[in-house]
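Only one structure is covered here, and it is reproduced in the block below.
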Amino acid sequence: MKWLLTGARGMLGTDLLARAASEGEVVGLGRAELDLLDPDAVRRAVRAHRPDVVVNCAAWTAVDLAEEREGDALAVNGTAVLPLAAACGEVGAKLVQISTDYVFDGAGSSPYPEDAPTTVPVNAYGRTKLAGERAVLETLPDLGYVVRTAWLYGARGHNFVKTMIRLAGERDTVDVVDDQLGQPTWSADLADALVRLTLADAPAGIYHGTSSGETTWYGLAREIFTLLGLDPARVRPVSAAVYARPAPRPAYSVLGHDAWAKAGLAPIRDWRAALEGAWPAMAA
């Protein structure tokens, strides 16, 4: 199996490079090596490497900035995906597009199934990622995969877990939102799931790449303090309204995992077990 990864220098891309290398040949391209906004460059890269699988980890991830620069975010997250999908079709390569829970409205109360309506994404970022989903699924109905993830953390880059570890050493107490539910997901676990998905020759379509279980940001922060050997009571619950941000965040971001079972694959493990597994890398 030969993989071609875009966005290979980011948090997920770095973990996926390492995981895919254990199963075959992998080529990782960062922004400096491949400008996704250049359709000709994208086509040349896919033709030159002729991969079996392309995983698009590249994205505009500045969620709040997307509210005022939605066109720029759309260029990366949506428009640029279409020529990438077309190039994959030309060489018969599968394309895995990484997407987000933000394609949903965030007003649910039970896990969103893979086929839940995406008519009202919660914010501009969600709208741009939904455009990328559609580009893949419409262009590559038999070779296109959309894997939605959420609350991602890893050893590389900025994320909530690393922030909490830092703040635990700087402050006596930390106020954390307790009215948003989601699934903390370790990037290494998602990388493993992506490799398993492609190796299994699973049906094309939508999959939810998040940890099992659910918690709030407050619950996650308390678990982090506990793993640090600190008093979790130092974490204090607050409403999301206290931290008003330009882009709305969903109150409910729990995703269902039925597609994995239908493909004969195990979903990602429980978020607590994942955090414990990630801890040596995160706390280093």
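The values are calculated or read from the model by the stated rules, or taken from the named source; none is laboratory data. Note that the coordinates shown come from a computational prediction; the quantities given were computed from them, not determined experimentally. When we count neighbours, we look across all protein chains shown, and the Cβ atoms used for this are built from the backbone with ideal geometry, even at glycine.
Of the candidates Gly154, Gly106, the single residue that is under 12 Å from Pro250 (Cβ atoms) and buried (at least 18 other Cβ atoms within 10 Å of the Cβ) is Gly106.
Is it true that Asp115 is under 23 Å from Leu197 (Cβ atoms) and charged (D, E, K, R)? Criteria met by Asp115. Residues considered: Ala135, Ala107. Of these, the only one that is under 25 Å from Ala247 (Cα atoms), in a loop (DSSP other than H, G, I, E, B) and in contact (Cβ under 8 Å) with a residue 40 or more places away in the chain is Ala107. Return yes or no: is Thr118 free of Cβ contacts under 8 Å to residues at least 40 places away in the same chain, among the hydroxyl-bearing types (Ser, Thr, Tyr) and either crowded, with 17+ Cβ neighbours inside 10 Å or touching a Lys or Arg at 6+ places or on another chain (Cβ under 6 Å) (or both)? Taking the combined requirement at face value, the residue satisfies it. Can you tell me how many residues in the stretch 195-214 are crowded, with 23+ Cβ neighbours inside 10 Å and of a type in the set (Ser, Thr, Tyr)? The qualifying residues number 3. Screening the candidates Ala259, Ala244, Ala191, Ala251 for the property of being more than 18 Å from Ala116 (Cβ to Cβ) and touching a residue at least 24 places away in the same chain (Cβ under 8 Å) yields one hit, Ala191.
Could you please let me know if Glu170 is surrounded by fewer than 24 Cβ atoms within 10 Å (Cβ to Cβ), free of Cβ contacts under 8 Å to residues at least 60 places away in the same chain and either among the charged types (D, E, K, R) or within 30 Å of Glu276 (Cβ to Cβ) (or both)? The answer is yes for Glu170.
Residues that are aliphatic (A, V, I, L, M) number at least 3 in the following helices (runs of 4 or more DSSP H) confined to the stretch 166-270: 187-199, 217-227. Please indicate, with yes or no, whether at least one residue in the stretch 177-188 is over 20 Å from Thr14 (Cα atoms) and without any contact (Cβ under 8 Å) to a residue 40 or more places away in the chain. Taking every residue of the stretch 177-188 in turn, none turns out to be over 20 Å from Thr14 (Cα atoms) and without any contact (Cβ under 8 Å) to a residue 40 or more places away in the chain. Those residues that are over 13 Å from Thr210 (Cβ atoms), out of contact with any strand residue (DSSP E or B) (no Cβ under 7 Å at 6 or more places or on another chain) and assigned to a helix (DSSP H, G or I), I need them from the stretch 87-102; list them, please. Ala87, Gly89, Glu90, Val91, listed by residue number. Among the residues in the stretch 149-165, are any within 21 Å of Ala274 (Cα to Cα), of a type in the set (D, E, K, R) and at pLDDT below 95? Yes.
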